[in-house]
Amino acid sequence: MGMNMVTNRFVFRTVELPKMPTPDAYLKVAPYLIEKAWSAAKSDLSGLSSLTGLKLGGIEADSMAIRGRLRNAGGEGPGRLEFDVALFNFSLEVWVYYPGGAPGAESLAKVAVTKDVEAYREFLTRLNGWSLSGKKLVTDADLKAFSKEFPPKLPKPTVYKNYAELAKKSKEDLAAFRAWSKKHWKAAKAFDDLDKSAKLKADDPARGTALKAIDAALKDYYASL
């Protein structure tokens, strides 16, 4: 069964590359500024890296500067360089690119995203807890939409042979059963009759009837889960 994967991206750091009188002058300055910016970007992404296994390596600033090129023969630099983090269908990536029209973009880091539903849910939950400058790759709305598409599987409850065993062994399971009964009129009536007969003797017919009704409701409860 296919999934509607969560996708999002945002720019988290920019660096202004200055205008220079000649290409040679630009190529001397730009690599230093790019490497400095990438060092700061890696610090920004350290939390994301630890959450996802994203490996942040080095950067070929000279190669990027060549691809970026100058905008014109007069030696004007490419302006603003931007670092972008992106969640795609099956990968989480970090990109650097020139948004002002100059050619060239480079993927600096990449990690695959699982296709398994439950593993993906856990991945989204971890990403939902990460933000940078108030921006998130996975918002609360994204997580809610995924949970609606693929509701979490509830753990199977302990099955007791009857109500008496349930009441004796687990207050938590009893509370869950009673909470469920409030939305099911037969079970709600069974609890009401059970509570009313609580002070009766064990051999009282009314008490026996109430116990049979609550045992039947317990079976309905298990069948609904």
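Just so you know, all these numbers are worked out from the coordinates, no wet-lab data involved. Note that the structure is a prediction, hence the values are computed from the model and not measured. Every residue, glycine as well, gets a Cβ built from its backbone with ideal geometry; the counts of neighbours run over all protein chains shown.
To check my understanding: the extent here is largest minus smallest coordinate of the Cα atoms along each principal axis. What are those three numbers for region 116-187, in Å, largest first?
Result, largest extent first: 54, 24, 23 Å.
Please build a GNM for the chain, connecting alpha carbons under 10 Å apart, and tell me which residue among Ser46, Ser91, Ser197 fluctuates the most.
Ser197
So what are the three principal axis dimensions of region 84-222 from its Cα atoms, in whole Å, longest to shortest?
On the principal axes, region 84-222 reaches 89, 24, 20 Å in Cα extent.
Within region 18-61, find all residues whose amide N lies under 19 Å from a label point positioned 7 Å from the Cα of Asn8 along Cα-to-beta-carbon.
Those under the cut-off are 44-54.
What is the helix-to-structure angle for 205-224, meaning the angle in degrees between its Cα long axis and the longest Cα principal axis of the chain, kept from 0 to 90 and rounded to the nearest 10?
Between the helix axis and the principal axis of the chain, the angle is about 20 degrees.
Filter the trypsin sites (Lys or Arg not before Pro) in region 156-225 to those in DSSP coil with at most 10 other Cβ atoms within 10 Å of their Cβ, and list the result.
On the way: sites: Lys161, Lys168, Lys169, Lys171, Arg178, Lys182, Lys183, Lys186, Lys189, Lys196, Lys199, Lys201, Arg207, Lys212, Lys219; in loops: Lys161, Lys182, Lys183, Lys199, Lys201.
Passing both the DSSP loop test and the Cβ count: Lys161, Lys182, Lys183, Lys199, Lys201.
Which value in deg cm²/dmol, rounded to the nearest 500, describes the helix-derived mean residue ellipticity at 222 nm for the chain, given -39,500 (n - 2.57) per DSSP H run of n ≥ 4 and division by the residue count? Show your work: numbers first, answer last.
Values: 9 runs with 109 residues, N = 225.
Per the formula, -15000 deg cm²/dmol.
Given Cβ point charges of +1 (Lys, Arg) and -1 (Asp, Glu) and nothing else, what value in debye, to the nearest 20, does the dipole of the chain about its Cα centre take?
Details: 36 positive and 27 negative charges, 187 e Å.
Dipole size: approximately 900 debye.
Past 25 Å, Cα to Cα, is the threshold; run Lys169/Lys219; Lys110/Lys153; Lys161/Lys183; Lys55/Lys144; Lys161/Lys201 against it and keep the listed order.
Lys110/Lys153; Lys55/Lys144
Listed highest first by mean packing, meaning other Cβ atoms within 10 Å per residue, what order do 38-45, 5-12 come in?
Values: 38-45: 17.1, 5-12: 15.4.
Put in order of decreasing packing, that is 38-45, 5-12.
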